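J.: Please see the structure below; I have some questions.
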Amino acid sequence: RFLGAVAMLALASLGAAGVGQIVNPAGRNVLRDVVEPPIELADYPSPLAGYRGWLKNYSDETLMTVSGMPADARLGLATMDYHNGEVYTVGGADNESAAGSFARVGDVIGVQQSGEEATVSVNIEGYSGIWLPSTGFAQSIEFEGDRQQALQTSLAYNGATGSAIVLNGLQAGDAYELHAIVPQNPDVDDLKQATISDVAVPKPAAIPDEIQAWASEHGTNGSTTMENITAMQIQLQKGAFSHGLENETTSLAGHSSFRMDSMFKVDSLVGDDEQYAVAFAFALQYIGVPARVVMGMYPDEGFESGSVELTGDDMHAWVEIPIEGFGWVPFDATPPEDQTQIEPDPVPKPEPKPQVLQPPQPIEEPVELTPEVQPEGGTMDDEEEGFDWLPIVMTVLIVLLSILLLLSPFIIIGLMKLSRRKKRRQAEDPSARLAGGWHEIVDQAVDLGLEVPRGVTRTRVAAHVSERYPQSRASDIGQYVDAGVFGPQSPPEDEVETFWSDVDRSVEAMRHEASFWDRLKSRLSVRSFMRNRSARRRTR
């Protein structure tokens, strides 16, 4: 049968291989070879999460050299429109925004947009990452240098936000020329009469409660939405500026919901672009204004003609709001960098009043206190708090449960063997109790690792056990059991009880002759149960 099965499998394999060569075409057409999967930016960390790193590690280091930028333009890196509770990120495919939709493009993009044309040259030095610094809406991006082909083929662009990424990543020595159209920003007078565009933006996972309360107080009193936006912007700019670096006011990095909620729980706001931009975006979303956060670079004095070296200190974050007729317009809510602490509001001085001679107060009799109003000896603050026993009790319970879990195999198997022994010793028939005692000895030998032969007489089994464990007296006990089980009369009750004492001594002798590890393994061994089960099957 074995040779026949092997032959059948061999013939089936040869047949399948032959049929496969006939049926399969010469070439394979795989869908992934012709369909490019979408770019999922969720696989990359949010650039805003590393905002403080640029300021701390690259404060005086040149990240890139830029020329040709309009004076009041900004060099954007990433446009983020969704806060997931931890970071502001680019909305993915599951969100209702197009900010996360990037498509592969060539060197010519040609996005339709009105504004000022600009040709910007960028030379990368200390900067690295997948986000390509750009401004406005790109018409073409042409790379230069040794990695020109690798960068050009991995370029992807988002026409809705004007953001670009290079999946192969920018590094020192890369250079490119950007032809873009930069929209004109409205002036202050235009914004006074501006109308907010109805643009779909993903809702944050959760707006912190403190910011909701703050926005209700400062962003709902104006007669127009634009007045509410301006009021909140001005109120945020009254806060203190700090990167949280050495010799600066303490200001933790990050912009999670917890971090932003903590920022508004104190009397004075403290933070930098990362916190103020996110707080402004939260407040705008709360009052129903679509907003997104942009991270990018620009010098504080604006771009000058010629080449401008941008360092880590030039990294910024701001908020963009859609305005009808102007598109997405940048708004800054960060206080000036030299506004490092909040001056308290001046306390008005009381106006002096003319001095008037007051009549003397009448002498009052001392007040007698009734027992009900006698002063107490101390206050609640003076009372010592009671010791909290809960952590200690919980720790002890966990330790005890862990120990119990580790000992559970020993306990369960031990109870099973104790139940089996009790059943054997309390059998109604004295002969059955004798046989049960013999099985107890054999089971102990099996659990200690002895291979006891099956299907042979009790005499041969006793000889096999005595050979391995001479002090067990297995041969003598086996002969006694044979005489009691197959004899003409049942053994007396007192002899059976004495016999079980011999069984206990025999079991203890075997354990004494066995090694420590064999004794330990016998506690967890279930070989005797398996052996008895097999014996019952053969009997049936």
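The values are calculated or read from the model by the stated rules, or taken from the named source; none is laboratory data. For clarity, every value in this text was computed on a predicted model and none was experimentally measured. Backbone-built Cβ (ideal geometry, glycine too); neighbour counts: all protein chains shown.
J.: What number of residues within the stretch 443-464 are touching a residue at least 24 places away in the same chain (Cβ under 8 Å) and farther than 19 Å from Gly487 by Cα?
T.: 10
J.: Have a look at Leu170, Leu245, Leu191 and point out the one that is within 30 Å of Val111 (Cα to Cα), at pLDDT below 90 and touching a helix residue (DSSP H, G or I) at 6+ places or on another chain (Cβ under 8 Å).
T.: Leu191
Residue by residue, here is whether (1) of a type in the set (A, V, I, L, M, F, W, C); (2) under 19 Å from Glu337 (Cβ atoms); (3) assigned by TED's automatic domain parsing to the domain that holds Gly136 holds:
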position: Thr225; (1), (2), (3): no, no, no
position: Asn247; (1), (2), (3): no, yes, no
position: Thr250; (1), (2), (3): no, yes, no
position: Gln285; (1), (2), (3): no, no, no
position: Leu310; (1), (2), (3): yes, yes, no
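J.: Sticking with this structure for a sec: Do you know which residues across the stretch 261-295 are assigned to a helix (DSSP H, G or I), in contact with a strand residue (DSSP E or B) (Cβ under 9 Å, 6 or more places away or on another chain) and aliphatic (A, V, I, L, M)?
T.: Those that are assigned to a helix (DSSP H, G or I), in contact with a strand residue (DSSP E or B) (Cβ under 9 Å, 6 or more places away or on another chain) and aliphatic (A, V, I, L, M): Met263, Ala277, Val278, Ala279, Ala281, Leu284.
J.: Of everything in the stretch 439-458, what is in contact with an Asp or Glu (Cβ under 7 Å, 6 or more places away or on another chain) and under 12 Å from Ile477 (Cβ atoms)? Give them in sequence order.
T.: Arg458
J.: Would you check which residues across the stretch 200-228 are crowded, with 17+ Cβ neighbours inside 10 Å and either in contact with a strand residue (DSSP E or B) (Cβ under 9 Å, 6 or more places away or on another chain) or under 30 Å from Gly110 (Cβ atoms) (or both) and list them?
T.: Those that are crowded, with 17+ Cβ neighbours inside 10 Å and either in contact with a strand residue (DSSP E or B) (Cβ under 9 Å, 6 or more places away or on another chain) or under 30 Å from Gly110 (Cβ atoms) (or both): Val201, Pro202, Pro204, Ile207, Thr225, Met226.
Matching residues to (1) charged (D, E, K, R); (2) in contact with a Gly (Cβ under 8 Å, 6 or more places away or on another chain):
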site: Gln426; (1), (2): no, no
site: Leu434; (1), (2): no, yes
site: His439; (1), (2): no, no
site: Val442; (1), (2): no, no
site: Thr457; (1), (2): no, no
site: Thr498; (1), (2): no, no
site: Ser515; (1), (2): no, no
site: Arg533; (1), (2): yes, no
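Rundown of residues vs (1) surrounded by 14 or more Cβ atoms within 10 Å (Cβ to Cβ); (2) in contact (Cβ under 8 Å) with a residue 60 or more places away in the chain; (3) in contact with a Phe, Trp or Tyr (Cβ under 9 Å, 6 or more places away or on another chain), yes/no style:
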| position | (1), (2), (3) |
| --- | --- |
| Asp494 | no, no, no |
| Glu497 | no, no, no |
| Val507 | yes, yes, no |
| Ala514 | yes, yes, yes |
| Trp517 | no, no, no |
| Arg527 | yes, yes, no |
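J.: Let me ask something additional. What is the number of the single condition among (1) of a type outside the set (Asp, Glu); (2) crowded, with 17+ Cβ neighbours inside 10 Å; (3) assigned to a helix (DSSP H, G or I) that Val452 does not meet?
T.: Here Val452 clears every test but (3).
J.: Determine whether Trp328 is surrounded by 15 or more Cβ atoms within 10 Å (Cβ to Cβ), at pLDDT 95 or above and either in contact with a Pro (Cβ under 8 Å, 6 or more places away or on another chain) or of a type in the set (Gly, Ala, Ser) (or both).
T.: Taking the combined requirement at face value, the residue does not satisfy it.
Residue-wise test of (1) modelled with pLDDT of 55 or more; (2) surrounded by fewer than 10 Cβ atoms within 10 Å (Cβ to Cβ); (3) part of a loop (DSSP other than H, G, I, E, B).
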| site | (1), (2), (3) |
| --- | --- |
| His316 | yes, no, no |
| Ile321 | yes, no, no |
| Val347 | no, yes, yes |
| Lys353 | yes, yes, yes |
| Pro359 | yes, yes, yes |
| Gly378 | no, yes, yes |
| Asp388 | yes, yes, yes |
| Pro391 | yes, yes, no |
| Ile398 | yes, no, no |
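J.: Of the residues Leu75, Leu132, only one is under 20 Å from Ala317 (Cα atoms), aliphatic (A, V, I, L, M) and touching a Gly at 6+ places or on another chain (Cβ under 7 Å); which?
T.: Leu75
J.: Part of a loop (DSSP other than H, G, I, E, B), hydrophobic (A, V, I, L, M, F, W, C) and either over 16 Å from Glu274 (Cβ atoms) or at pLDDT 90 or above (or both): is that true of Ala26 in this structure?
T.: yes
J.: So Leu407 passes all but one of these: (1) modelled with pLDDT of 55 or more; (2) loosely packed, with under 10 Cβ neighbours inside 10 Å. Which condition number does it fail?
T.: (2)
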